[in-house]
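Taking it in order: structure first as structure tokens, then the write-up.
A short reminder: the numbers here are calculations on the coordinates, not readings from a lab. Small disclaimer: the values here were computed from a predicted structure and weren't measured. Here Cβ is always computed from backbone atoms with ideal geometry, including for glycine, and neighbour counts include all displayed protein chains.
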């Protein structure tokens, strides 16, 4: 009787979880990373350091990369993405979708705003191009990443700030700090999942393994590689979730 009750409860939980996964709102996440190329300055010991871009002197120069990830169970088409900054100047750019050769194009509306009809660009057009770029992303499949890289400079001397804006039906955009990876999974996630797996194995092994020093040695050895089974479990969960999403 108890087994039947437990089976019914487990079945209900699985059903609820599956429904929540299938009905999960589309989620796009993005992260921003800046790498310093150079900074101008003058030091009594090291001397003068100068930074320039296409012959134009700058106080600093960065490579700024924005990664947009489709973290949902759905594929999306026709996404319009805006990259903008309030404290930096966007210079040259390189864009693309990971795993493809596609270069992302500006939206028609954005191109129209920058159109000069053969004459010199107006100041408002220069300001727009320096602070904002609007792109049309034709497709972004589940798990896929769109990458936007720029040379940037900050007049304030500090690291620049870049932001993303996406308006698309049924899609939520969320900023996430980019974390170091362990076997393709964020290290904190792999570590926590690996720890939980280790605790479960330890409780199970304690029922059969004697003496205690063997159990302690096994637990210590597992702790050294806990991120690996944690990452494997996360990858397995992602594959199962993708199958449910299909």
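Rounded, prolate or oblate for the range 41-124? Axes are the square roots of the Cα gyration tensor eigenvalues, ordered a ≥ b ≥ c, and the cut-off for rounded is a/c under 1.5. Oblate.
In this rough spin-label picture, where each label sits 7 Å from Cα along the Cβ direction, the residue 49-residue 131 distance is 2.9 nm. When the square roots of the Cα gyration tensor eigenvalues are ordered a ≥ b ≥ c, the ratio a/c for the range 25-178 is 1.5 or more and a/b does not exceed b/c, which makes its shape oblate.
With both labels modelled 7 Å from their Cα along Cα-to-Cβ, the residue 159 to residue 84 distance reads 2.3 nm. For the pair residue 92 and residue 204, label points projected 7 Å from Cα toward Cβ lie 5.5 nm apart.
Computed extension length for residue 37-residue 114: 24.9 nm, one decimal, from 0.36 nm per residue of separation with the Cα-Cα distance subtracted. Counting other Cβ atoms within 10 Å as a rough exposure proxy, the listed residues 69, 83 run 69, 83 from fewest neighbours to most. Overall form of the range 118-163: oblate. Here a/c, set by the Cα gyration tensor axes a ≥ b ≥ c, is 1.5 or more, and a/b is not larger than b/c.
The slack between residue 228 and residue 59, meaning 0.36 nm per residue of separation minus the straight C-alpha distance, is 56.5 nm.
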